Amino acid sequence: MPGTTIVEPLDLVGLQIPYHFRCPISLELMRDPVTVCTGQTYDRSSIESWVATGNTTCPVTRAALSDFTFIPNHTLRRLIQDWCVENQALGIQRIPTPKQPADPVMVRALLTQASAVSSPFQPRLSALRRLKGLARDSDKNRSVISSHDAREVLIDIVFSDTGSSELSVEALAVLVMFQLNESECESIGSDPNRVVYLSRMLFHSSIEVRINSASLIENVLSGTRSPDLRAQVSNADDIFEGVVDILRNLNSYPRALRIGVRALFALCLVKQTRHKAVQAGAPATLIDRLADLDKCDAERALATIELLCRIPSGCSAFAAHALTVPLLVKTILKISDRATEYAAGALMALCSESEGSQREAVSAGVLTQLLLLVQSDCTERAKRKAQMLLKLLRDSWPEDSIGNSDDFACSEIVPF
């Protein structure tokens with residue numbers, strides 16, 4: 001990362017870090033030295049972590065911390081910076097000027113300004129944009145902002161200022177940086193007008209707005225335990241079409257792929273509306289995008305594929321795509337244990353419904369993959385699915401296949 005000071009190798013090249021430049025907690029070169037009420041100086045990230053884990057004493061003196069205000073030690077930081085410059089020839093980089101955490105008083109004022117309905121439009125918009133910048137800067141800033149009931153304020157602006165689209169979308173951009181609690185998710189998901197608004201925003205002219213809308217939908221679905229509420233959200237008109245379109249047409253944007261997959265998975269967890277995902281073209285889109293996803297998102301995509309394979313229309317749609325079976329076979333033992341389990345489950349569903357899928361799977365080399373899977377350290381559920389699939393495909397194996405041998409027994413089969 002640009003501007004990062006490499007600390008660990010310093011002593012190896014014969015360069016001794018001055019004792020007072022090291023943080024007493026991490027023993028590494030301080031990047032943002034701050035002084036606590038006992039007069040001791042620490043690196044900000046280290047002392048913040050110390051306090052965040054429940055410690056209430058000074059690590060060096062063991063005296064109780066009477067307050068938790070951390071005062072920047074500008075003098076020491078300048079000395080450290082000068083030392084880094086003096087030793088640039090040895091590969092030491094200058095430490096970047098640290099961004100100061102958001103001032104709680106300023107955050108409160110910005111939230112008040114943003115939520116003041118009687119205020120002029122421009123000051124409200126400027127306040128939201130400053131909040132967005134602060135929230136993007138650091139976890140610490142997001143914590144400060146969140147502590148002032150920001151989520152409630154932002155939710156109100158997103159859905160109360162829909163007539164002023166610019167205010168609404170700016171508040172939405174800030175809101176999606178925070179995890180909502182269950183009551184906040186319910187306040188959105190239980191209001192049909194709010195759900196319809198989010199669904200409509202999936203087709204906004206701005207790519208960022210579309211992605212943020214999908215992000216909030218996923219946040220709401222993941223944050224509520226009510227099956228009825230999740231069903232109400234997933235049943236909104238065009239919600240599947242909007243999310244699938246993000247995956248289909250915004251594949252050059254990594255965040256769009258990540259959010260799109262997560263939102264589609266959350267929607268497909270609702271059994272009674274999975275047919276809408278199929279109607280929206282989710283099967284073909286998931287197969288087409290699978291190779292573009294990183295490990296975690298590939299796991300979600302494969303989990304979604306398995307979910308959609310549990311309904312007849314989903315099975316038919318996946319079976320109709322020429323790459324479905326070869327990709328699923330190739331995925332086994334390649335990405336992760338979870339991915340292998342989901343791929344095996346999807347193949348089991350497809351091959352149970354179609355002899356054509358069985359032949360495709362055998363041609364793609366599924367026999368070898370499944371035998372390796374059964375003997376691997378993969379999850380027991382994945383192994384059971386592999387055993388079931390081997391038994392199902394037994395009649396499709398070539399005459400000379402090891403699979404037709406009685407030496408292989410599919411015992412203890414557990415229903416999928």
S146 accessible area, 1.4 Å probe, all protein chains in place, Å² to nearest 10: 30 Å²
Rg (one decimal) and Dmax (whole number) from the Cα set of the chain, in Å, equal 27.4, 81
Alpha carbon centroid spacing (whole Å) that separates the stretch 323-366 from the stretch 30-88: 54 Å
About the Cα centre, charge dipole magnitude for the stretch 149-272 (Lys/Arg +1, Asp/Glu -1 at Cβ), debye: 600 debye
Furthest towards positive pole of dipole, S357, A322, L333, structure part the stretch 320-373, Cβ charges: L333
Taking the Cα centre of the stretch 19-90 as origin, sum charge times position over the Cβ atoms of Lys and Arg (+1) and Asp and Glu (-1), and report the length of that vector in debye to the nearest 20. 80 debye
Which value, in debye to the nearest 20, describes the size of the charge dipole of the chain about its Cα centre when Lys and Arg Cβ atoms bear +1, Asp and Glu Cβ atoms bear -1, and nothing else is charged? 700 debye
Result for the chain: accessible area per residue, probe 1.4 angstrom, in square angstrom, of 49 Å²
How large a share of the accessible area of the chain, in percent, is made up of carbon and sulfur atoms when the probe is 1.4 Å and the other protein chains stay in place? 51 percent
Largest first, please: the extent of the C-alpha atoms of the stretch 19-90 along each principal axis, to the nearest Å. 41, 19, 17
What is the distance in Å between the Cα centres of the stretch 291-307 and the stretch 152-200? 28 Å
Might you work out the accessible area of H74 for me, using a 1.4 Å probe with all protein chains in place, and round it to the nearest 10 Å²? 100 Å²
Only Cα pairs under 8 Å and at least 6 apart count here; give the relative contact order of the stretch 19-90 as a rounded whole percent. 33 percent
I'd like to compare 40-52, 345-357, 93-105: which one has the highest average count of other Cβ atoms within 10 Å, and what's the full order after that? 345-357, 40-52, 93-105
Using a simple spin-label model with points 7 Å from Cα along the Cα→Cβ vector, what separation in nm is obtained for Q40 and L269? 4.3 nm
Convex hull around the C-alpha positions of the stretch 102-178: the volume in Å³ per residue is 70 Å³
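The values are calculated or read from the model by the stated rules, or taken from the named source; none is laboratory data. These numbers come from a predicted model, not from an experiment. We place every Cβ from the backbone using ideal geometry, glycine too, and count neighbours over all the protein chains shown. The protein model used for the area step is the full one, side chains on, heavy atoms only, and it has no ligands, DNA or RNA in it. Shrake-Rupley method; radii C 1.70, N 1.55, O 1.52, S 1.80 Å.
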